[in-house]
Ligand code: C2E
Ligand code: MG
Ligand code: MG
Ligand code: MG
């Protein structure tokens with residue numbers, strides 16, 4: 001495997017090439033090498049509570065390619081999802097996040113791909129890693145994105161139930177962005193709703209978006225689950241969210257994703 005990694009080609013990166021099967025395979029191979037060569041990194045973005053204190057961090061995967069520089073997750077997660085690579089990536093993310101918990105001293109949310117949740121032994125494997133890492137499961141949050149197949153998926157629901165039984169929390173990510181948000185709500189038990197940032201972006205000038213955000217906050221209150229607004233970029237949005245009854249906030253206004261080292265420095269300052 002080391003030999004393979006040593007012979008990696010150097011090719012200029014062009015996102016348009018991702019549609020090309022040959023280049024997808026190329027990226028997949030590069031990503032497998034990146035896992036071995038420690039080119040992956042987690043950045044952490046703070047989530048603030050109503051009291052404006054940091055209440056958790058979200059782990060966001062970064063690929064620092066030696067030749068191409070930083071490659072964002074949207075560009076490689078989809079390719080990883082086509083093979084077992086997503087499981088390896090997911091386990092790497094979980095282990096890294098568990099190891100960083102001690103420094104962060106807040107709960108940490110990790111993103112889990114629908115492809116991972118489809119594996120019948122996902123929750124069991126996750127439980128083994130959490131136990132091996134010796135962390136408090138109550139300090140971990142699993143973020144899942146709504147997808148149509150998941151509404152009906154028995155395996156996914158069993159995994160999510162098992163994850164909660166282990167003591168982790170489950171968050172619905174990008175809520176409202178998919179096709180079946182309301183169905184999703186009654187599909188399984190969860191602890192947190194994250195309102196998709198497209199609703200936050202137009203809060204100032206779109207009355208409908210403001211109504212939808214208010215309604216989601218009402219539903220969350222009725223269900224007694226937490227609600228986090230994603231992509232908060234302006235003070236005006238923050239004000240409107242507070243008035244809508246939202247109680248937790250994440251976005252560039254309050255804190256950008258940053259490597260652990262930089263977060264630790266900010267804490268000490
Ligand atoms: P997500 O889980 O919804 O993460 C939020 C995304 O919004 C992140 O993009 C974050 O950097 C960005 N963001 C945060 N605040 C703001 C803001 O105020 N304005 C704007 N415009 N954007 C903001 P990022 O890091 O590029 O990640 C994109 C997506 O990739 C994530 O969306 C998540 O679905 C996926 N992803 C990231 N890390 C992982 C991972 O470890 N595993 C899996 N399966 N997926 C991951
Ligand atoms: Mg997320
Ligand atoms: Mg999101
Ligand atoms: Mg997402």
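No lab work stands behind these numbers, since they all come straight from the coordinates. Nothing here was measured: the structure is a model prediction, and the numbers come from that model. Cβ: placed from backbone, ideal geometry, glycine included. Neighbour counts: every protein chain shown.
Details
- Length, then width, then depth: along the principal axes, the Cα atoms of the chain run 58, 41, 40 Å.
- Using the Cβ-Cβ distance between residue 242 and residue 208 with R0 set to 22 Å, the FRET efficiency works out to roughly 0.70.
- Calculated FRET value between residue 124 and residue 25, using beta carbons and R₀ = 35 Å, to 0.05: 0.70
- Here the residues 92, 63, ranked from fewest to most Cβ neighbours within 10 Å of their Cβ, fall in the order 92, 63.
- Here the Gaussian network model covers the chain, with springs between Cα atoms less than 10 Å apart; of 97, 201, 171, 201 fluctuates the most.
- Between residue 38 and residue 177, the modelled labels are 3.2 nm apart [label points 7 Å from Cα along Cα→Cβ].
- Taking the fewest neighbouring Cβ atoms within 10 Å as the starting point, the ordered list for 198, 147 is 198, 147.
- Ranking of 38, 191, 196 by neighbouring Cβ atoms within 10 Å, starting from the fewest: 38, 191, 196.
- Two-site label geometry, residue 261 and residue 158: point separation in nm, points 7 Å out along Cα→Cβ: 4.4 nm
- Over the chain: helical MRE at 222 nm, DSSP H runs n ≥ 4 each giving -39500 (n - 2.57), nearest 500: -13500 deg cm²/dmol
- Legend: calculated FRET efficiency, residue 215 to residue 99, from the Cβ-Cβ distance at R0 = 30 Å, rounded to 0.05, equals 0.15.
- Gaussian network model of the chain, springs between alpha carbon atoms under 10 Å - residue of 199, 44, 252 with greatest fluctuation: 252
- Under a Gaussian network description of the chain, with springs only between Cα atoms under 10 Å, the residue in 67, 108, 144 that fluctuates furthest is 67.
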